[in-house]
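See below for the structure under consideration.
The values are calculated or read from the model by the stated rules, or taken from the named source; none is laboratory data. Nothing here was measured: the structure is a model prediction, and the numbers come from that model. Quick reminder, even Gly has a Cβ in these numbers, built from the backbone with ideal geometry, and neighbours come from all protein chains shown. Accessible surface is based on the protein model in full, side chains and every heavy atom, while ligands, DNA and RNA are left aside. Shrake-Rupley method; radii C 1.70, N 1.55, O 1.52, S 1.80 Å.
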Amino acid sequence: MSFSTMHPVLQAFLATCFTWGMTAAGAALVFAGKDLKQKTLDGMLGFAAGVMIAASFWSLLAPSIEMAEQMGLASWLPAVVGFLLGGIFLRLVDRVLPHLHIGFDEIEAEGVKTSWRRTTLLVLAITLHNIPEGLAVGVAFGAVAYGLPSATLGGAIALAIGIGIQNFPEGTAVSMPLRREGVSKGRAFWYGQLSGIVEPVAGVLGALFVMAARPILPYALSFAAGAMIFVVVEEVIPEAQRNGNHDFATMGAMLGFAVMMFLDVSLG
């Protein structure tokens, strides 16, 4: 059985297992024995931000607008409504889920107050990034089942590849700081890859959701886009620029945007 003939839910599961694997590969750099400079980590986070911004438009919002037109809806309505709902949803999760961003003191932890360990809070911060990423991949593969011109298997694969590429630095951004704080290499890797385990779950749920109700499809795509943009603006960009490496992080974001745009246009 080839990948193209598989059920969309299975495609979404395998694609998000790939993105999870890329997170694990990035986390595995902790075994290399050489610590990465903070400037490099900031550039990698900038790259991840660029990929997410590009994916939000090219792989999610643009198809949402095209689908709305094909379904006889106002072209702007699903894109605007879904985008805002996605941001609001992540804002609510951000307020409730206890988490701590890398480089921050424990007193700066967000979400409900808890006695959880610092390592757990750090992992949850990256897990928060990965929820909309897995959801986006799942929705993209679920959309292919309807055979709409704006939802192609190539586009869904391009999105999964792009998310996987940007997950590599996210895995590194968890494991390396944990290692600096005295956590063993094995545990640093474990926590680093663990942050990506939510993606297959979110991917399968996203695919099932859109396949169950076609009318929500353009809204689901823009919802995933809004959730990703919230994470980029609220979490990823501030983290990338927190240590004064503004120009390097910005150029990383430009490169990430270009890579994702190339993948979507060439494969989609």
Can you tell me how many residues in the stretch 138-167 are of a type in the set (A, V, I, L, M) and within 17 Å of the chain's Cα centre (by Cα)? 10
Among (1) open to solvent by less than 40 Å² (accessible area, probe 1.4 Å); (2) over 17 Å from Ala227 (Cβ atoms), which single condition is Met22 missing? (1)
Any hit, the stretch 176-188, residues being among the polar types (S, T, N, Q) and assigned to a helix (DSSP H, G or I): no
How many residues are free of Cβ contacts under 8 Å to residues at least 12 places away in the same chain and not small (Gly, Ala, Ser) if we restrict to the stretch 28-62? 3
With respect to Leu97, determine if the residue is in contact with a helix residue (DSSP H, G or I) (Cβ under 7 Å, 6 or more places away or on another chain), open to solvent by less than 10 Å² (accessible area, probe 1.4 Å) and not polar (S, T, N, Q). no
